[in-house]
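Notes follow once the structure below has been shown.
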Amino acid sequence: MTELVPLADISDVEVYLKHAVPAALVEFAERKLGASGNVLRLLFRKEGTNLDNEIVEDSLIAALTKDAVAVNVAADVKREESVLDSDVDLSAFSQFTQTAGGYSFTGEWQGSSEDVFFTQNQLSNLGLGQSTISTFLLHTDDEKNPS
């Protein structure tokens with residue numbers, strides 16, 4: 001069985017992060033690179049395609065895949081960075097209000113950095129989730145029954 005290699009690396013993540021991955025998050029980022037790539041592989045498999053073969057055959061798919069994985073991991077590293085210096089992990093919320101006296105908390109859920117999320121646009125750019133038309137070959141009666 002062939003070992004699955006990550007579809008992007010730490011240097012790709014750092015391009016979108018705009019700085020080096022903090023040492024405390026390198027292992028997290030590496031694991032997210034593997035998980036994100038494997039999610040894309042599974043999505044392609046469900047569409048009837050092998051992503052690794054597509055990457056070898058089409059440099060555009062290879063570049064789009066690398067970027068989608070790197071962006072995904074960079075977003076999660078940013079969330080985790082916000083937690084490094086804090087005792088409270090609110091990274092899964094994009095907006096929140098917190099009051100002490102009235103015990104109030106409101107938040108807008110944006111997902112956990114432990115999960116893998118791709119935007120609809122990223123998936124669409126890779127050709128996933130789009131309507132497809134099956135191809136088939138039409139034969140005339142003469143072609144089916146040559147004399």
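The values are calculated or read from the model by the stated rules, or taken from the named source; none is laboratory data. Source: prediction; values computed, not measured. Reconstructed Cβ throughout: ideal geometry from the backbone, glycine too, with neighbour counts over all protein chains shown.
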May I ask you to verify whether SER91 is among the polar types (S, T, N, Q), loosely packed, with under 15 Cβ neighbours inside 10 Å and modelled with pLDDT under 95? no
Do the conditions hold for GLY111, that is, is it in a loop (DSSP other than H, G, I, E, B), at positive phi, surrounded by 12 or more Cβ atoms within 10 Å (Cβ to Cβ) and at pLDDT below 55? yes
Would you pick out the residues in the stretch 11-59 that are among the acidic types (Asp, Glu), within 17 Å of the chain's Cα centre (by Cα) and closer than 25 Å to LEU84 by Cβ? ASP12, GLU14, GLU30
Being within 18 Å of GLY129 (Cα to Cα) and at pLDDT below 95: is that true of ALA75 here? no
